[in-house]
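Student: Below: one structure in structure tokens.
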Amino acid sequence: MRPIALRRAFLLPLLLCAALAVRAAALPAHAATLVRDDEIERYLRTLAGPIFRAAGLAPDQVRLFVVRDPQINAFVAGGQQLFLYTGLLGATETPEQLAGVIAHEAGHMAGGHLVRLREEFERATVQSLVGAVLGAAAALAGAPEVGTAIVLGGQDVAQRNLLAYTRTQESVADQAAVSTLERAGTTPEGLLAFMEILARRESTFPAGGDVYLRTHPLTAERIAALRRRVETSPARGRRLPEALQLAHQRMRAKLEGFLEPPEQVRAQRCGRSDFADRYACAVALFRLGRRGEAEALLAAMLREAPEDPWLHELLGQMRFEGGEVAAAEQPYRRAAELAPDAPLVRIGLVQVLIELDGPERLAEAERHVREALRLDPDNAFAWRLLGTVLGRRGETAASYAAFAEWALRTGRPEDAALYVERARAAGPDGATALRLQDLEAAIARARREAGERRRR
């Protein structure tokens, strides 16, 4: 698993931030990170694909992101982008529950709720501004206490109107989710079960509450309406295949092993025979520096599942991060053979090949990193690795062009421009020269967008 830095989100005005978090306030105020993992992403795409199709969305047009955050939350933003918090993934006990959450968010995407929420936000802002203007006029007229009351009154109306709109959206998305799950051949019972879990949490922790409860406000009427639909659903009782059941438990185990305190994971998971428990235990032991025990556990699991690419990948990661680079080559190679469409596995192998060096290994590293970029073209780290490989192979101009791609994708257009200058000075060939023209256009766009953001 690989965490990737995500830029700080801008806070909305205090008046409306709680309500607008439903769709527009994408990320928590503190710096968040994205989690990248081929196994988890493959499971999520496999689970979500039929749901998106049933909702009338093209699965390859919806981007899925996993946000490292223990809070229970999920949201859509910027069109067809779905963000799932690790806290939510860990809180869903079954793939049916997670499918229900995804179907609910797909309902927002298919229903155009983001566009409509923006309209409601603008309307609420106008109401608030009108109140502020009237309040200021009253204060100037010599009645400051009246002015304060008018301003607060305008804000209260705006906020209540917007919250009412988002509650309506949530109910509509619930009903759409049930229909979507039915068309996908999946029971909607998971969505109801997850909502009931949240309702119990809300009654237990009413003061703080979960982010999901604030951004997806629950009401007794909403749950009752959902329960009525579920009880009469023709898809009731249709559980997802066993492979997805196992994949869900492995996802939860992997997230727990990498993100929770390792001593806690060891105490709760180690010593059990379940595959998911052993998976989490192996990761926890590795994080505790007990790599020998972790590898022994992985070796036993590989005897049971020798064709499991993710076990080979984990073994390669353990050895590479433990400083045994040469020993990491074989498991990473095997993982790449078993999962040729997994870009992050290839990137792991590329790191090993770069460290081992030599003309043949660098040539192979270039093939693997280019394939990883074909599969995942926006992977900034892969562009950086490509720049490193090309530089070591003596392709200086192409190396600087790759580093420019890396800088652009990490939000540094000025650095990208410097790399482009160096690439031009190195005498690029025809293909690289054409790429530099594209890069210059992209840098100009990035600068314009940065200027527009500053003016706003």
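The values are calculated or read from the model by the stated rules, or taken from the named source; none is laboratory data. What you are looking at is a predicted structure, and each value in this text was computed from that prediction instead of being measured. Note that each Cβ is placed from the backbone with ideal geometry, even for glycine, and that neighbours are counted across all protein chains shown.
Student: Can you tell me which residue within the range 62-76, out of those that are under 18 Å from Ala176 (Cβ atoms) and not aromatic (Phe, Trp, Tyr), is modelled with the highest pLDDT?
Tutor: Going through the range 62-76, the residues under 18 Å from Ala176 (Cβ atoms) turn out to be 62, 74-76.
From the residues that got through so far, the ones that are not aromatic (Phe, Trp, Tyr) too are 62, 74, 76.
On the way: Val62: 94, Ala74: 89, Val76: 86.
Only one residue tops the list, namely Val62.
Student: Going through Leu356, Leu302, Leu338, Leu311 one at a time, which residue ends up being modelled with pLDDT of 95 or more and surrounded by 21 or more Cβ atoms within 10 Å (Cβ to Cβ)? It would help to see each step written out before you state the result.
Tutor: Details: Leu356 fails: surrounded by 21 or more Cβ atoms within 10 Å (Cβ to Cβ); Leu302 fails: surrounded by 21 or more Cβ atoms within 10 Å (Cβ to Cβ); Leu338 fails: surrounded by 21 or more Cβ atoms within 10 Å (Cβ to Cβ).
Answer to the selection: Leu311.
Student: Against the condition of a type outside the set (Val, Ile, Thr), out of contact with any Ser or Thr (no Cβ under 6 Å at 6 or more places or on another chain), touching a residue at least 60 places away in the same chain (Cβ under 8 Å) and closer than 20 Å to Thr92 by Cα, how does Arg227 come out, does it pass? Walk me through how you get there before you give the answer.
Tutor: Details: of a type outside the set (Val, Ile, Thr): yes; out of contact with any Ser or Thr (no Cβ under 6 Å at 6 or more places or on another chain): yes; touching a residue at least 60 places away in the same chain (Cβ under 8 Å): no; closer than 20 Å to Thr92 by Cα: yes.
Taking the combined requirement at face value, the residue does not satisfy it.
Student: Please go through the range 151-192 and give me each residue that is surrounded by fewer than 16 Cβ atoms within 10 Å (Cβ to Cβ), out of contact with any Asp or Glu (no Cβ under 9 Å at 6 or more places or on another chain) and at pLDDT below 50, ordered by number.
Tutor: The answer is Leu152, Gly153, Asp156, Val157, Arg160, Ala164.
Student: Condition first: under 28 Å from the mean Cα position of the chain (by Cα) and of a type in the set (A, V, I, L, M). Can you find one or more residues in the range 420-435 that meet it? Let's see the steps before the verdict.
Tutor: In the first step, residues of the range 420-435 are kept if they are under 28 Å from the mean Cα position of the chain (by Cα); the result is none.
So far as the range 420-435 goes, no, none of its residues is under 28 Å from the mean Cα position of the chain (by Cα) and of a type in the set (A, V, I, L, M).
Student: Is there a residue being small (Gly, Ala, Ser), buried (at least 22 other Cβ atoms within 10 Å of the Cβ) and either at pLDDT below 95 or within 20 Å of Leu44 (Cα to Cα) (or both) anywhere in the range 256-268?
Tutor: Let us first name the residues in the range 256-268 that are small (Gly, Ala, Ser), namely 257, 267.
Okay, now just the ones that are also buried (at least 22 other Cβ atoms within 10 Å of the Cβ), so 257.
Cutting the leftovers down to either at pLDDT below 95 or within 20 Å of Leu44 (Cα to Cα) (or both) gives us 257.
Looking through the range 256-268, at least one residue is small (Gly, Ala, Ser), buried (at least 22 other Cβ atoms within 10 Å of the Cβ) and either at pLDDT below 95 or within 20 Å of Leu44 (Cα to Cα) (or both).
Student: In the range 233-277, what residues are in contact (Cβ under 8 Å) with a residue 60 or more places away in the chain and under 26 Å from Asp174 (Cβ atoms)? I'd like the intermediate steps shown before the answer.
Tutor: Taking the range 233-277 as the starting set, the residues that turn out to be in contact (Cβ under 8 Å) with a residue 60 or more places away in the chain are 239-240, 244-245, 247-248, 250-252, 254-256, 258-259.
Arg239, Leu240, Leu244, Gln245, Ala247, His248, Met251, Arg252 - these are the residues of the range 233-277 that are in contact (Cβ under 8 Å) with a residue 60 or more places away in the chain and under 26 Å from Asp174 (Cβ atoms).
Student: Within the range 404-414, how many residues turn out to be part of a helix (DSSP H, G or I), under 25 Å from the mean Cα position of the chain (by Cα) and either surrounded by fewer than 24 Cβ atoms within 10 Å (Cβ to Cβ) or among the acidic types (Asp, Glu) (or both)?
Tutor: Number satisfying all stated conditions: 5.
Student: Given the structure, is Ala372 hydrophobic (A, V, I, L, M, F, W, C) and either outside any helix (DSSP H, G or I) or surrounded by fewer than 19 Cβ atoms within 10 Å (Cβ to Cβ) (or both)? Walk me through it before giving the result.
Tutor: Details: hydrophobic (A, V, I, L, M, F, W, C): yes; either outside any helix (DSSP H, G or I) or surrounded by fewer than 19 Cβ atoms within 10 Å (Cβ to Cβ) (or both): no.
Judged against the criteria, Ala372 is not a match.
Student: Among the candidates Asp357, Asp376, Asp415, single out the residue that is without any contact (Cβ under 8 Å) to a residue 60 or more places away in the chain, over 17 Å from Ile443 (Cα atoms) and touching a helix residue (DSSP H, G or I) at 6+ places or on another chain (Cβ under 6 Å).
Tutor: Values: Asp357 fails: touching a helix residue (DSSP H, G or I) at 6+ places or on another chain (Cβ under 6 Å); Asp415 fails: over 17 Å from Ile443 (Cα atoms).
Every option except Asp376 fails the conditions.
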